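> Questions regarding the structure given below will be posed in turn.
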Amino acid sequence: MALLELRAVAKRFGGVVAVEDCSLAVAEGTVTGLIGPNGSGKTTLFDLVTGFQAPDAGAVTFRGRSIIGLAPDRVHRLGIGRTFQLARVFPRLTALENLLVPVPRRGLLGLLAGARTAGEERRAREMLDFLGLAALAGQLAGRLSFGQRKLLELGAVMMARPDLVLLDEPAGGVNPGLLESIAAAIRELNGRGVTFLIVEHNMGFVMDLCDPVVVLDRGRPIASGPPAEVRADPAVLDAYLGA
Amino acid sequence: MRLAARGAAAALGAGALLLPLVVDPSILNVGVLTLMYVGLATAWNIIGGYTGYISLGHAGFFGIGAYALGLVVGHLGVPGGYGPLLLVPLAGAITAAAALPVGWIALRTRAATFVIVTIAFMFMLQILATNLRGLTGGSQGLGYPVPQGWGPDFVDVPFYYAMLALAALALGVSWWVRRSKLGLGLLAIRDDEDRASALGVRARAFKMTAFVVSAALVGMIGGVYGYYVTYVYPQFVIDPLIGISMVLMAFLGGAGTLAGPVLGALLLEPAQLELAYSFGSARLYLVLYAAVFLVVILLLPRGIVPSLVDRLPHSPLEEGRGGGNPDGPA
């Protein structure tokens, strides 16, 4: 059984078809790449999975359970984390606090207790260390560089120990040095059992990191498989890579 | 830095406790009204500052508290004296109950729409208070029992301490919220609500909690004010200027900080009263408000406290919680 499965999913915004008859499956333990031209429906697909949008038709299941209609925070609690296209952090919180926000707490008393327990803070600092951001723990996130924000965003998603992480353009606008740090972090986390679905335009990044790769065009998958196979697919070349 | 702040807070608290013993009783009402705004701005800050939902309709909750206490006192036949002050928590509970449906509707909106919805709520309430004559007395107003035996030199003292207690309660709640996991979630919502939701923060429940707690505190203060002035009218207790004042004070001192709203109220309310006393009913203090508003927008978009904190040596880790904003106005 696939960890995440979409069957015949459709989403329209007025007269614009964002996603249509889209079926794809993300197997547990993989780093699946999702590529396609601008406007092919990649981010909309993320929104449909994470509860920011509801599909007009079709089914979305996580571990075999329908997640349609669930609010984003409930989807998150089921074990699905996501990042956004533009490296969104909480700019007026420190890097450390950014990592503490997603740490789950149980019950009202948990919410009324202090914002950080010693254990939570230790985990957040370990995550910052893992991401190479330990020296920036007390820095306001809004003052970090774009690439550092990308890393921090990934770290924040990981703090809730999700099973599946949806990364929206993790390499976009990041310098080559930090790009390798992000790729290394994804490999390391995948090695620990985290499944990734990655939307990315940087083909080198996708081809190195992802297997399988799914190609989306005009809201529906036109190819999927190992990177080399997808790269040679005539339909893909025509719609995307050949440009 | 932290030690100095604690020392200043302790000195301020001690000074506030002792003030009625050292000032002329005839000017103690300045203290009553200043403490009222310390409490109001601090309570408003829980939803407006920490969560970033700018409510301009909190005067509605102030009015609900004022009417609620008056109605309860009248219904139970509580005589003037300390009795009505003991029933103030009930005014808070009634206001909280009223805030639930208001928040349920208003918090479905964000940004400018939320501001407009809260203003609309306040004016609707004002119209209701004017027209539900059987309940509120309409434009004739609703009377409280007059305290018997409290002479002119003493009459302000119980209200002063009641306002001081409520200001301290508001500060305590604000401090607690700010240091809690709930507070961290509110600050995350303020910065980016969608992302906070995507990270598991139950945004609706968090916002609702902040809104209701803030409203309940404002309602209790409204109750004490109603008793203080002994007669409440729709246009006096559901007054847009009360709502705007608490917002302006919070922004002047620093919205999203603990000390900011206190500082804003301590600076603005005595100045406003001085203008009101000096220039009678000309409402010149509105000009002061406009000037302060312009100064805040142009020179101190983040307020006094965050601007000062930036200029002092401090731990950067503490900075983030205070609403410091590297990207622009808070």
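Coordinate-derived values only; no laboratory data. It should be emphasised that the depicted structure is a prediction, and the values quoted were computed from it without experimental measurement. Counting neighbours? That spans all protein chains shown, and the Cβs are built from the backbone with ideal geometry, glycine included.
> Enter the mean number of other protein chain beta carbons within 10 Å of the beta carbon of each residue in A:103-114, as an integer.
Taking all residues of A:103-114 together, the mean is 4.
> Under 20 Å from the Cα of B:Lys207, which aspartates and glutamates turn up, not counting those fewer than eight places away in the same chain?
Counting by Cα, and skipping residues close in sequence, B:Lys207 has these aspartates and glutamates nearby: A:Asp73, A:Glu97, B:Asp191, B:Asp192, B:Glu193, B:Asp194.
> Quick one: Karplus J couplings for the stretch B:72-82, per residue in order, coefficients 6.51, -1.76, 1.60, θ = phi - 60°, nearest Hz, x for Gly and Pro?
Listing the rounded values in order: 5, 4, x, 5, 7, x, 6, x, x, x, 7 Hz.
> Using only the C-alpha atoms of the stretch B:2-322, find the volume of their convex hull and express it per residue in Å³.
With only Cα atoms used, the stretch B:2-322 gives 134 Å³ per residue.
> Same structure again: Can you list the residues, at least 5 places off or on another chain, whose amide H is less than 5 Å from the amide H of B:Arg110, using H built in the peptide plane?
It is none; the list stays empty.
> Can you pull a Stokes-Einstein diffusion coefficient for the protein assembly as shown at 37 °C (0.692 mPa s), Rh from Kirkwood over Cα pairs, as a whole number of µm²/s?
126
> Note down the nm distance, to one decimal, between modelled labels 7 Å out along Cα→Cβ at B:Leu294 and at B:Arg108.
In this crude label model, B:Leu294 to B:Arg108 measures out at 4.0 nm.
> Using the Cα centre of the stretch B:2-322 as origin and beta-carbon charges of +1 (Lys, Arg) and -1 (Asp, Glu), tell me which of B:Phe206, B:Gly77, B:Leu273 is placed farthest towards the positive end of the dipole.
It is B:Phe206.
> Something else about it: Relative to the longest principal Cα axis of chain B, at what angle does helix B:111-131 sit, 0 to 90 degrees, rounded to 10?
Compared with the principal axis, the helix lies near 10 degrees.
> Next up: Say the dipole of the protein assembly as shown comes from +1 at the beta carbon of Lys and Arg and -1 at that of Asp and Glu; which of B:Ala255, B:Gly143, B:Met36 then lies farthest toward its positive end?
Of B:Ala255, B:Gly143, B:Met36, it is B:Gly143.
> So if I take the centroid of the Cα atoms in the stretch B:240-299 and the same for the stretch B:10-38, what is the distance between those two points in Å?
If we compute the Cα centre of each part, the gap is 18 Å.
> Indicate the gyration tensor shape class of the stretch A:197-243 (rounded, prolate or oblate), computed on the Cα atoms with a ≥ b ≥ c the square roots of the eigenvalues: a/c under 1.5 is rounded; otherwise a/b larger than b/c is prolate and the rest oblate.
rounded
> Expressed in nm to one decimal, what extension gain is obtained for the pair B:Ile116 and B:Gln140 from 0.36 nm per residue of sequence separation less their Cα-Cα distance?
Taking 0.36 nm per residue and subtracting the Cα distance, the gain is 5.8 nm.
> Quick check on chain B: helices-only [θ] at 222 nm, where DSSP H runs of length 4 and up contribute -39,500 (n - 2.57) each and the sum goes over total residues. Nearest 500, please.
Helix-only estimate at 222 nm: -23500 deg cm²/dmol.
> Determine the relative contact order of the stretch B:65-140: mean sequence separation of Cα pairs under 8 Å and six or more apart, normalised by residue count, in whole percent.
24
> Moving on to the next point. For B:Gly49, enumerate residues with amide H under 5 Å from its amide H, sequence gap 5+ or separate chain, H modeled in the peptide plane.
Those qualifying (amide H under 5 Å, at least 5 residues apart or on another chain) are B:Gly256.
> Where does each of A:92-104, A:202-214, B:159-171 land if you order them by average Cβ count within 10 Å, highest first? Walk me through the intermediate numbers first.
Numbers: A:92-104: 24.9, A:202-214: 19.2, B:159-171: 22.2.
Result, highest mean Cβ count within 10 Å first: A:92-104, B:159-171, A:202-214.
> Next question. Take every Cα pair under 8 Å in chain B that's 6+ residues apart, average their separations, divide by the length, and report that relative contact order as a whole percent.
After rounding, I find 31 percent.
> Using the beta-carbon distance between B:Arg311 and B:Phe236 and R0 = 56 Å, what value does 1/(1 + (r/R0)^6) give for FRET efficiency, to the nearest 0.05?
After rounding, the FRET efficiency stands at 0.85.
> Please turn the phi angles of the stretch B:47-59 into ³J(HN,Hα) values with the Karplus equation 6.51 cos²θ - 1.76 cosθ + 1.60 (θ = phi - 60°), one per residue in order, whole Hz, x for glycine and proline.
Working through the residues one at a time gives 8, x, x, 5, 9, x, 9, 7, 8, 9, x, 5, 4 Hz.
> Moving to a separate point now. For the stretch B:1-127, what does the alpha-carbon gyration tensor say about shape, rounded, prolate or oblate, given a ≥ b ≥ c as the root eigenvalues, a/c under 1.5 as rounded, and a/b over b/c as prolate?
oblate
> For a paramagnetic label modelled at 7 Å from the Cα of B:Ile27 toward its Cβ, which residues of the stretch B:249-283 fall within the zone defined by backbone nitrogen distances under 13 Å?
Counting only backbone N, you get B:270-271, B:273-275, B:277-278.
> While we're here: For chain A, count the residues as N, evaluate 2.2 N^0.38 Å, and divide the Cα radius of gyration by that value, please.
The reported ratio for this selection is 1.02.
> Each residue of the stretch B:182-198 in turn: what ³J(HN,Hα) in whole Hz from Karplus with 6.51, -1.76, 1.60 and θ = phi - 60°, glycine and Pro shown as x?
4, x, 5, x, 5, 5, 5, 4, 4, 6, 6, 5, 4, 5, 4, 4, 5
> While we're looking at this one, here's another question. Normalising by the residue count of the stretch B:132-219, find the relative contact order in percent from Cα pairs under 8 Å and 6+ residues apart. Before the final figure, lay out each step's value.
Values: 22 pairs, mean separation 15.2, N = 88.
Reported as a whole number, the value is 17 percent.
> With springs only between Cα atoms under 10 Å, which of B:Ala276, B:Ala43, B:Ala215 fluctuates most in a Gaussian network model of chain B?
Greatest mean-square fluctuation among the candidates belongs to B:Ala276.
> What's the FRET efficiency of A:Glu188 with B:His75 using the Cβ-Cβ distance as r and R₀ = 60 Å, to the nearest 0.05?
The pair A:Glu188/B:His75 has a calculated efficiency of 0.35.
> If the cut-off is a Cα-Cα distance under 16 Å, which lysines reach A:Lys42, setting aside same-chain residues fewer than 8 apart in sequence?
A:Lys11
> Another question, if that's okay. For chain A, with a Gaussian network of springs between Cα atoms less than 10 Å apart, report the residue from A:Leu133, A:Leu108, A:Leu48 with the top mean-square fluctuation.
Looking only at A:Leu133, A:Leu108, A:Leu48, the biggest GNM fluctuation is shown by A:Leu108.
> Which FRET efficiency value, to the nearest 0.05, is calculated for A:Val17 and A:Gln85 with the Förster distance at 22 angstrom and r the Cβ-Cβ distance?
0.60
> While we're on this one: What is the mean number of Cβ atoms from other protein chains located within 10 Å of the Cβ atom of each residue in peptide B:182-192, rounded to a whole number?
6
> For the Cα atoms of chain B, what angle does the longest principal axis make with the long axis of helix B:2-22, in degrees from 0 to 90, nearest 10?
10
> At what distance in angstrom do the alpha carbon centres of the stretch A:1-70 and the stretch B:42-57 lie from each other?
37
> Output the 0 to 90 degree angle, nearest 10, between the alpha-carbon long axis of helix B:240-253 and the longest principal axis computed from the alpha carbons of chain B.
Tilt relative to chain B: about 40 degrees.
> Among B:Val287, B:Val232, B:Val73, determine the one that fluctuates most according to a GNM of chain B built with springs between C-alpha atoms less than 10 Å apart.
Highest fluctuation among the options: B:Val287.
> Here's a follow-up. Based on the alpha-carbon gyration tensor of the stretch B:108-186 and its eigenvalue square roots a ≥ b ≥ c, which shape applies: rounded if a/c is under 1.5, prolate if not and a/b is larger than b/c, or oblate? All intermediate terms of the calculation are to be shown ahead of the outcome.
On the way: a/c = 3.83, a/b = 1.17, b/c = 3.29.
Oblate shape, in that a/c is at least 1.5 and b/c is the bigger or equal ratio.
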